[in-house]
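To start, the structure under review is shown below, and the notes come after it.
Only the coordinates and a few stated rules stand behind these numbers; no lab work does. It should be emphasised that the depicted structure is a prediction, and the values quoted were computed from it without experimental measurement. Backbone-built Cβ (ideal geometry, glycine too); neighbour counts: all protein chains shown.
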Amino acid sequence: MTPREREAATRLFQEIRQGILAPVIAVVDPGTTGAGHVPLDADDEKRTWLAIGAKVQLTPMPAIIYLATVIGSEVFPLAAHTVVQPGEDYFGALRDARRGLPPLLAAKFSAGERLMAHKLLVETEADYFESGIEPPGTTELDRRGFPYLFADGKKKSVLVLAPTSGGKSRFGQLALIQTVLDVKREVPAAFGGVVVLVPTKALVDQVSREVRHTLAETEASSWIVLEGSRDFPQHDESIRTGRFDIAVVIPEKLAALVRAGMSTERVPLLLVDELQHIVDGRRGLKLESLLLDVFRRESVPRFVGLSASLAPETIELLASWFTKNGLEVDILEIASRPVPLTVSVVDDYRRISSRTHVRDERTLEQKRLPDVPAVLGNGQLRQTAKDLRRTLALVMELLSPHVSEGRFQSEAPSILVFVSSKRIAENLAEACRELFVRHLALDPVELASLERPLHSYRFSQFTHDNEATDPTTTLRMLAPTPVRHQLVDALATGVGFHSASLTAVGREIIETLFRQGVVRVLFATDTLRLGINLPADVVVNGDLIAYTGDANPRFVDKDVLLQRLGRAGRLLHSRGGQGRGYLVVPEKIPDSVRHQTDERTAETLTGRRKATWEEVKRAATDDASLFRAFVADWSGGAHYTTPDDDLWFEDLLLQYLEYLPGRALAEDSLYGETAALFSRTMAGVAGDRMPPSAIESLKSIGAIRVVAGAVRLTDAGRATAVNALGVGDLPVIQELAVEAVQGAGPLTLLYIACTSDFIGRSSQHLGVRPSASANVLEEMLRHVSKAYEASRKASYRGTFMRHFPEEILDAIGDGDAADELRSILTVGSARRASDVQLTALWRAFNVYLRWVGSPYRQIAELKNPTGATVPEVALDSLAGNVAYFLAAASDLLGSNPSTMHFRTLAYFAAEVELGVPATLAPFVRLNRPSLNRERLLGIAKLLVSMGPQWDGLSELFDLYLEKQGSLPSQDGWHPLPPSEVEWISGQLTRIDERRRSAAYSVSPDVETMLVPGLEGHRVSDVLHQIPQGNGPQILVSMLTPFDVQPHHDEELRAVSIDLRTTDDRPHRTYFYFPDDVVTNEYLKSVSARLREDENALVVAVEGVTFGAEASGRFLEDSCAVINPSLLVELVARLYARNTATVSSDEDDPDPLAEIFGTSGTSDVDIEPARRELSRVLLNNAPVLNRTDLENRLAYVDLVRPATE
């Protein structure tokens, strides 16, 4: 339809509504407000206009159908499906008192006038007809998506496919808020319980920050928004028990919480952002595995997915996958992009050919870009500048008119340049800085000269970023590491990079500087492509190469390139309401790309599926071919890719068994269940073959065993499954557990972990190449030997090995792996050791140095045998991956511990991940840039001098502030400013105060469990009674059914029970119930009363100080602390596992049965119950935390590998 026809049609529809429908409604239902509407797309509008307007003689049936539908929805305005039409009161639905948003929240989503102004700008001045914006200021997604947000009754699940700037984030936030409001309208005090899944930790930070900004200063400002990732373990228990309104989590974290007892069946809405990654066989498997488990449960949350555009065949595949898993999901495809985008191809002769937003026509600009002067610096820098000189020329051309008096002017565009690797991004940023300073007379700004914080945001919607700390202030507080120097360079010149070389803090700072307009050019890898909200005026795709996880180069997929370029221009924030993208034609394509070029890629580039490699290379370096392949046709999207190997299905099978009741499957149904599971996967729906030997492979490595006609998980198989590791890593986990018991030291344990394939794939750049000289290798071994000799000193044990068994005397220790390591360190062994051994040792040594507190600057001075330094972020990532293996080995030993090695491994895993003593974890978990590792090493020195004599976190922090001027590592960076001290002190005080309330937190499922010895009473009833001083009496009643003769000592406020150890020795366990907060002093007093054959659990009725908890839960301690909620849950679950319900006597019914939901009494099978009670309370290894509890209770379901 032409604009004139559309305007006439709109007027006619309004006249029909007012002239026909309004009188009908007034007669049929005078009380109706007429708020409901019907769905109507452009084709419906045109057919109806043609029929009613009688311009063309067609059957009147479309008009009759249209009128009947409208009348029906207006007469029955509460119809489930509604849609807002042009000219209607869209924003009235937002403010509807019954179904909409409260006034302040509604105002956050009411931008009608601004959207109409944008429509006027782009559709008149820019001649753009596809904005999709209609009166009174609605986008296409607004009009088609509102039925899924504000309909009465049960709301449908939906998958939204939309281009960038299409409004997906806004729609997602509305879905979250509306769902939480619906929950709270039913029960005002209830938690919303909505879960948002995002693919990366960076997106967890961003999305949670954006949600909080939306809720701020509204009726929902008190809602609880929590992050869920490895960076926020302090939120795990609140998310697991459903005590949140909105939780933003990564798939791996949600899967772990589900395994620990979180119920997704209580989640009212599961919103999955960036859902297009689920069809990627490389990156989407963890998300798919999680969703398969969620969808198979009896009650499935409402599902909302947000995705970039997908290829038509991929949409069909996804729809079939939803159906196969029993989920009804509407797929809503949004075509309109409200922001016009012109995409240009810069060809070999530096001409610019463009596809404009006006028509799908190619225009050619005979505009020669400037020659790039030679770049100084090292050879690698000069080569990168030469290889990508067209990209540098384009950037200089775009920015040179906007440099005046040594500064970028306010009208200078913000330019985002995507390249294939972090090395290229860093080199181009350095080359660009040099060119700007030497040839554009840019005058670098000194950090010290910035007296005040920067608030001149280029993109004003991001003014809430870094609310507490300006990035320049943060930079001053960072330690003088290479990352800080790189950020200072970006601030000084306005040119930066964004890659995996930056830490999370570094990425946050560079993103903020770019949004502010301080940084005008940002060279980035695909760390920015995955949904990070970083808009730009101009996006340049600098090359056509990307790298897979195994570092093999390949052509960039078309959907990836469209997503990159689609970042150019942002609704309501781009200059002139438009964006511009550039695709730079590469000068050459390396032949190594050939091995990763499939037929679909060849067809995209050449138009021929069977093209030769030479034809592909010619097309990839020809502007006309690239224009046709990537620009002329703007349609398309992500395609499904098959997994790289068959191991993914073995991993899925292992996790499937972990989720099953009893972790077992009847042998005769195994192959049928396996086939059914595969049929529900994306690969199965796509028609891929099922991996033929998955079951036999799992048996051969000891992950599963057939016992008494049932296929069961082994303890090693479960340890692998619950730690998000693959079956290929199971032998390494087993070796870690065996060697830990044999006495392996910390360096040996790290060495074993670094031999895994997983570590090898994720840390390829940290290795020893065959070309390394003997001198280089011997120098590496000398560094390791020196550290080993230092570990033999007595002071080393007190500082670093305080939680390793006393018989381990140095960093290597004893055992087979330790002997292997010592042999490698002997003189001349570098020539005899394999590259695999030397690589594992080098990686382990770097992680070891980080663990013992070496500053990053010192570690960076040790050259990698490849000649490169180890980036801080790469070392952090390596340490985090190693920690997974240590935690898995701890879980393996912790299911039925006979020694305390499982506790050593757990503690070691925590410290390896943190890079500081585990006691300082709360400081790390504040995720505050000022509390970086280098600063925390100063606090760690205080721990050594203080010993276990501190209690509160605030006490420890105050001591640090008192001594920070005299501590080392202060050179080159600033002490904490008063505002930062105040913020940190306040947070630490709140953490200390919240410890008591956390002691009574259990999941809703556990709350309703019956407790033994108190007929009809549930866990929630008992937890209310313990703080009132009834803890000892309640525990006596709960333990009586186990026939352990609990004794209550009223004077000590303690309960004791006598049990027998696994080797049949008598042992007594005490449970103390103090009236006050548990401190170090109290623990010392309890320990002084204990004999050798006794241990004690102190129940933290009023909470426990962090210092006391940290000093009273490991190794040599016979006295430890447990929360009341965990103790009650432990006893209740043991009782439930060992009881059989007996029907009530009809003549003497239980009077509490109807009230508490009981259906008779329960008889406990005493001997197994008492044996299990002994196992979880004795050996100085009682259940002290959630991991202990789940591991110990899982033991009954597990079997040992056949080799044992």
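Checking the a/c ratio against 1.5 first, then a/b against b/c, what shape does the Cα gyration tensor give for the range 806-944? Note, shape of the range 806-944 comes out oblate. Mean separation of Cα pairs under 8 Å and 6 or more residues apart, divided by the residue count, gives the range 648-713 a relative contact order of 47 percent. Between the beta carbons of residue 600 and residue 707, assuming R0 = 35 Å, the FRET efficiency works out to 0.15 to the nearest 0.05.
Both radii are taken from the alpha-carbon atoms of the range 489-636; with Rh as the Kirkwood radius, Rg/Rh is 1.00. Exposure proxy shown here: for 185, 515, the number of other Cβ atoms within 10 Å sets the order, fewest to most, as 185, 515. Taken over the range 648-713, the convex hull of the Cα atoms encloses 77 Å³ per residue. Pairs from the list 286/699; 168/253; 253/963; 154/558 with a Cα-Cα gap above 32 Å: 253/963; 154/558. For the range 1004-1101, the gyration tensor built on C-alpha atoms gives an oblate shape. Its axis ratio a/c (a ≥ b ≥ c) is at least 1.5, and a/b is not larger than b/c. Take the Cα of residue 693, step 7 Å toward its Cβ, do the same at residue 857, and the gap between the two points is 5.5 nm.
Residue by residue, the range 647-662 carries 3J(HN,Hα) couplings of 5, 4, 6, 5, 4, 5, 4, 4, 5, 4, 5, 4, 7, 6, x, x Hz when phi is fed to the Karplus relation 6.51 cos²θ - 1.76 cosθ + 1.60 (θ = phi - 60°); x denotes Gly or Pro.
Between residue 1165 and residue 819, the contour length at 0.36 nm per residue exceeds the alpha carbon distance by 119.8 nm. Residues 903, 857, ranked from the fewest to the most other C-beta atoms within 10 Å, line up as 857, 903. Under the simplified labelling scheme, the residue 130-residue 926 pair shows an inter-label distance of 5.0 nm, with each label point 7 Å from Cα along Cα→Cβ. Arranged from fewest to most other beta-carbon atoms within 10 Å of their beta carbon, 872, 397, 1167 become 1167, 397, 872.
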